[in-house]
1. In region 47-84, how many are surrounded by 13 or more Cβ atoms within 10 Å (Cβ to Cβ) and free of Cβ contacts under 8 Å to residues at least 60 places away in the same chain?
2. Tell me, which residue of region 23-46 that is farther than 13 Å from Cys90 by Cβ and among the aromatic types (Phe, Trp, Tyr) is surrounded by the fewest Cβ atoms within 10 Å (Cβ to Cβ)?
3. Does Cys90 satisfy the criteria of being surrounded by 14 or more Cβ atoms within 10 Å (Cβ to Cβ) and over 26 Å from Tyr24 (Cβ atoms)?
4. Working carefully through the options Ala81, Ala22, find the one that is assigned to a helix (DSSP H, G or I), among the aliphatic types (A, V, I, L, M) and at pLDDT below 90.
Amino acid sequence: MLKIARNTALAIALMGVGAASAQYPFLDLIANNVVQKYGAASCEQLWERKGKPKTPQEMELVQTLRNDPHMRIVFINKIAAPVVNKMFECGMIP
């Protein structure tokens, strides 16, 4: 019985993630681009980019994410693991 309840809860949680993702299809595209950009970049390239100012499109995205907490959660949940892992590999975070 416990196994059925756990599987049901997992299925509901996964459906929620899928529904949130489907709600912002453009955000999925941006998040995938961010993940690819970090994955393909060398550590040296990431260190160089860190000091440069953001593009107008990046600033607009940041403002949109600040104004929409739900969208921000969906975006961060999509990019967090791959980006933070790359930053760790490059010594950008302890």
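The values are calculated or read from the model by the stated rules, or taken from the named source; none is laboratory data. This structure is a prediction, so every number in the text was calculated from the model and none was measured. All Cβ positions, glycine included, derive from the backbone under ideal geometry; neighbour counts span all protein chains shown.
1. Step one: filter region 47-84 for residues surrounded by 13 or more Cβ atoms within 10 Å (Cβ to Cβ), giving 47, 61, 64-65, 68, 71-72, 74-75, 77-79, 82-84.
Those left that are additionally free of Cβ contacts under 8 Å to residues at least 60 places away in the same chain: 47, 61, 64-65, 68, 71-72, 74-75, 78-79, 82-84.
Going through region 47-84 one residue at a time, the tally reaches 14.
2. Going through the qualifying residues, I end up with Phe26.
3. yes
4. Numbers: Ala81 fails: at pLDDT below 90.
Of Ala81, Ala22, the one residue that is assigned to a helix (DSSP H, G or I), among the aliphatic types (A, V, I, L, M) and at pLDDT below 90 is Ala22.
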